[in-house]
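The numbers here are math on the coordinates, done by the rules we state, and not lab data. Keep in mind it's a predicted model, so treat the numbers as computed, not measured. Backbone-built Cβ (ideal geometry, glycine too); neighbour counts: all protein chains shown.
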Amino acid sequence: MAVAIDAPAMRVVASDDAVIPELARVMVDAYPVMGVTTADAFAAFVERVRSATEDPVRDVAAERNGEVVGGMRLYDFVMNVRGSDAATGGVGAVAVALAHKRQGVARAMLAWYLHWYHKRGAPFAILHPFWSDFYRALGFGYGTPTHRFRFVPRTLRNDGARGTVRALHAGDLDAVLACSERIRTVTNGLVQRYRGVTEKALAELSTRHVGVEDAGVLRGFMQTSLTLGHRDVTNRNVLVVRDFQAEDGAAAGALLGYLRAQHDQFMEIAIETQDPSFFLASTDPRDRSDRVLAPPAAHRVAETGLGIMYRLLDVPAAFAYLPRPAQPFALRVIVDDTFFAPTAFDGTFRCDASGIRPDEHAAPDATLSVAIPELSSLVAGSLRLRDVARHRLATVEPASALPRVAELFDTQTPPVCTTRF
């Protein structure tokens, strides 16, 4: 006979909370990749958890019968959604105590997190999944895929480069934040950087930040790190590039020129990006594996993964970020959401030059039926309605209205997220 298990109680913990060591233990057990294996390392990690429990980051403990059975970390973000800023709730470090798995703890924590940000007026939620199928079942939709390109340094194109490339340090914090914000305001999906996190990243010894200045203004930057080759070989090191940011082609060319110049030390440059056309940065984008994916001659140029996921927390509020249609029409939207009641939706929107707004009296010209994961991706712009409908994950009635409805969700660029949390 099944035994009923009480749902855990959730609460935000302060830096002086007595449960922080217990919460830290749960996180360490859940993420052995952190490598916290000694008493000294654990003590240092506890202090890291304490220092992170201040706005705009919150640690949440899930407790049952006085015991910490899970934890997570919440982030108050500002995200560019199709050119406008939107309050967005992020969640990370979701952890369940080893002795309490398969008892609904993770689902209870995620439900609490969604309600937390819904009550605070955030239309969107985002996360990086460790199990994408689990989070998709909770209503999160796929974001833009990430690609890892592996280039031979000498093949990188630096034509059109302008500016002076130099190493960045903690003293460049304000310049990095200013450059990042200029790029963010014109890039769909980018999240506003935390000052404290950026300051720590610039001071981190395991990575290097490189920037390009033009007329004394920082116009681009990137984070680099080293992966050593096997100890029995030489000249097999790899330079890994993340967070490649450039305000224009001249700045991008200068950063690529810096990477090109590293050919004497690195066998390859591995660049992680959500730009599927980044292979154009190289005169020979093949990844040196000589793998042919689809004979006779489809050469592998990248590895691809699905990462960041999006979720709507308020359907009408999220629809306000959609573009105005060329021709006015009324759209009924039926949203299937079995996990989070506030976004189980059936209503009609008036779509015209003044915006997208609910109108219960409007006679719909078309009806869109879709589940919340796919709708979340459509609003974010990471999926196209034509593709979602073609894969039988959405329907538009009448079918002749598909082009008009699809235009409502189209975006020039899919969302980009370089924030690691």
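Which is farthest toward the positive dipole end of the chain among ALA362, ALA52, ALA246, measuring Cα position about the Cα centre, with Cβ charges +1 (Lys, Arg) and -1 (Asp, Glu)?
Final value for the positive-end residue is ALA246.
Taking the chain as a Gaussian network, Cα atoms linked when under 10 Å apart, which of THR273, THR227, THR88 shows the biggest mean-square fluctuation?
Among THR273, THR227, THR88, the largest mean-square fluctuation in the Gaussian network model of the chain belongs to THR227.
Could you give me the percent of Cα pairs per 5 Å distance bin for region 147-304, shortest bin first, beginning at zero and ending with the bin that holds the maximum distance?
Reading upward from the zero bin: 2, 9, 17, 21, 20, 15, 9, 5, 2, 1, 0.
In the Gaussian network model of the chain, springs joining C-alpha atoms below 10 Å, which of VAL333, VAL19, VAL396 carries the largest mean-square fluctuation?
VAL19
Which residue fluctuates most in the GNM of the chain (Cα springs below 10 Å): ALA297, ALA330, ALA270?
Of ALA297, ALA330, ALA270, the most mobile in the Gaussian network model is ALA297.
Given that compact globular proteins tend to follow 2.2 N^0.38 Å, what is the ratio of the alpha-carbon Rg of region 356-421 to that value?
1.24
Grab the beta carbon distance between VAL238 and ARG48, set R0 = 35 Å, and tell me the FRET efficiency rounded to 0.05.
Working: r = 28 Å, r/R0 = 0.81.
In this case the efficiency is close to 0.80.
What does the charge add up to near GLY257, with Lys and Arg as +1, Asp and Glu as -1, over the other residues with Cβ less than 15 Å from its Cβ? Don't skip to the end; give the middle numbers.
Numbers: positive: ARG154, ARG157, ARG162, ARG166, ARG219, ARG260; negative: ASP159, GLU213, ASP214, ASP248, ASP264.
Taking every Cβ under 15 Å from that of GLY257, the sum is +1.
Cα atoms only, region 213-317: Rg and Dmax in Å?
Every Cα atom of region 213-317 included, Rg and Dmax give 17.4, 59 Å.
Principal axes first, then extents: for the Cα atoms of region 258-377, list largest minus smallest coordinate on each axis, whole Å, largest first.
For region 258-377, the Cα spread along each principal axis is 68, 33, 31 Å.
Compute the signed sum of charges (Lys and Arg +1, Asp and Glu -1) over the other residues within less than 12 Å, Cβ to Cβ, of TYR117. All intermediate terms of the calculation are to be shown ahead of the outcome.
Numbers: positive: ARG58, LYS119, ARG120, ARG311; negative: ASP76, ASP314.
Around TYR117, the surrounding residues sum to +2.
If you average the sequence gap of Cα pairs under 8 Å that are 6 or more apart and divide by the length of the chain, what percent do you get for the contact order?
Details: 888 pairs, mean separation 70.2, N = 421.
Over the chain, the number comes to 17 percent.
Taking 2.2 N^0.38 Å as the expected size of a compact globular protein, what ratio does the Cα radius of gyration of region 9-122 give against it, to two decimals?
On the way: Rg = 14.8 Å, N = 114, 2.2 N^0.38 = 13.3 Å.
Normalised Rg, Cα atoms only: 1.11.
In debye, nearest 20, what is the charge dipole magnitude of region 200-323 about its Cα centre with +1 on Lys and Arg Cβ and -1 on Asp and Glu Cβ, if you could check?
Details: 12 positive and 16 negative charges, 68 e Å.
Here region 200-323 has a charge dipole of around 320 debye.
Can you show me the helix-derived [θ] at 222 nm for the chain, built from DSSP H runs with n ≥ 4 at -39,500 (n - 2.57) apiece and divided by the number of residues, rounded to the nearest 500. Can you show the working numbers first?
Details: 11 runs with 106 residues, N = 421.
The helix contribution divided over the chain gives -7500 deg cm²/dmol.
Under a Cβ-only charge scheme (Lys and Arg +1, Asp and Glu -1), can you give me the dipole magnitude of region 313-409 about the Cα centre, in debye to the nearest 20?
Working: 9 positive and 12 negative charges, 69 e Å.
It works out to roughly 320 debye.
Could you state the orientation-averaged shadow area of the convex hull built on the Cα atoms of the chain, in nm² to one decimal?
In nm², the orientation-averaged hull projection of the chain is 26.1.
Note down the magnitude of the dipole of the chain about its Cα centre, charges +1 on Lys and Arg C-beta and -1 on Asp and Glu C-beta and zero elsewhere, to the nearest 20 debye.
On the way: 46 positive and 48 negative charges, 157 e Å.
I would put it at about 760 debye.
Among GLY83, ALA9, VAL94, flag the residue with its Cα farthest along the positive direction of the charge dipole of region 1-124, charges on Cβ as +1 for Lys/Arg and -1 for Asp/Glu.
Sorting the options by dipole projection puts first GLY83.
For Cα pairs less than 8 Å apart in space and 6+ apart in sequence, what is the mean separation divided by the residue count of region 313-409, i.e. the relative contact order in percent?
So the answer I get is 28 percent.
Under a point spin-label approximation (7 Å from Cα along Cα-to-Cβ), what is the ARG208-ASP290 distance to one decimal in nm?
Roughly 3.1 nm, to one decimal.
P(r) tail for region 313-409, what percent of Cα pairs lie past 21 Å? Please report the intermediate quantities before stating the final value.
Values: 1032 of 4656 pairs.
Looking at region 313-409, the distances longer than 21 Å represent 22 percent of pairs.
Return the distance in nm (one decimal) between the two label points of a simple spin-label model at THR395 and ASN158, each offset 7 Å from Cα along Cα→Cβ.
Placing both labels 7 Å beyond Cα along the Cβ direction yields 5.8 nm.
What does the net charge come to around PRO323 if you take all other residues with beta carbon closer than 10 Å to its beta carbon, with K and R at +1 and D and E at -1? Walk me through the numbers before you get to the answer.
Details: positive: ARG82, ARG324; negative: GLU407, ASP410.
My count for the surroundings of PRO323 gives 0.
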